[in-house]
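Heads up, the thing below is written out as structure tokens.
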Amino acid sequence: MKKFSAVMALGFLLLSFSASAADFSGNIYTAGVSKYLWRGQQLSEGFAIQPGFNLNLGNLSFGYWGSYDADAARYSESDYTFSYSETLPGLDVIRVGAGFTIYTFPYADVAANNDTEVFGTISSSVVSLPYVKFFYDPTFGAGGYLEAGVSHSITLDAFAPFGSVTCGYNFGQWGYEKSLSVALGTLGVTYTIDKFTATLSGSYQLALDEQYENDGFGSLAVSYGF
């Protein structure tokens, strides 16, 4: 609880300070998903509501993300992420970053109610927007996870069809054997009016190891940028 309060205090401090800054930006959003899948794991069997927000001040970012499990009628997860990123000097198409996420699970065992994961990332602004991201959980997850992906979109007035593919390798997180996890493909379209954006998408994960299963979900999200 003390860690949760400290994180929220830092988040609100960033919001208050950045409100008058010229390089402040962010967005508020909520999404409905038919199923909650994460790194090949099924974390809800049915519909979930997943709200959140992101605040950016220069190269610093703070984000919140949550998931409400409709079948269980409970808020199952709240995550808080702090990160820093910047472009490489003399190479503006490459961006590197690092940060950490605090995961909280209100209905989990008390001993495992909070978990912290650190990460590093490298991405590019060239066509297909490739990125590689490595996560490491030294406590309850007890392992690393590598994720790589590409994405592309086409702007047609207010509409923007898009597609993405990600692939993961689990280095033993959460009791899994070391192996490739899943390849996740997503197709969707966004519709933007002023600062509001609606996104409709469908995703399907292909199991790359017998520890995982083929599965899929649909999503409808609405966001407001500022």
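So here's what we get for this one:
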item	result
Given the chain, longest segment not containing exposed loop GluC sites (Glu not before Pro) (DSSP; at most 12 other Cβ within 10 Å)	46-176
Most mobile listed residue (LEU146, LEU43, LEU184) in the chain, GNM with C-alpha springs under 10 Å	LEU43
Relative contact order %, region 115-226, counting alpha carbon pairs below 8 Å whose residues are six or more apart	16
Candidates PRO89, PRO51, PRO106: whichever shows maximal mean-square fluctuation once the chain is modelled as a Gaussian network with Cα springs under 10 Å	PRO89
For peptides 148-155, 217-224, sequence by mean Cβ density within 10 Å, most packed first	217-224, 148-155
Percentage of interatomic Cα-Cα distances in region 17-145 larger than 17 Å	68
Listed residues ASP194, ASP209, ASP69, most fluctuating in the chain (Gaussian network, C-alpha, under 10 Å)	ASP194
Simple Cβ-charge dipole of region 2-225, Lys/Arg +1 and Asp/Glu -1, about Cα centre, in debye nearest 20	420
The chain: radius of gyration over Cα atoms, expressed as a fraction of 2.2 N^0.38 Å	1.03
Long-range amide H partners of ARG39 with built H, under 5 Å	none
Kirkwood hydrodynamic radius of region 43-106, from inverse mean 1/r over distinct Cα pairs, in Å	13.6
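Every number here is computed from the coordinates shown, using simple stated rules; none is lab data. This structure is a prediction, so every number in the text was calculated from the model and none was measured. Neighbour counts are summed over all protein chains in view; Cβ atoms, including those assigned to glycine, are modelled from backbone coordinates with ideal geometry.
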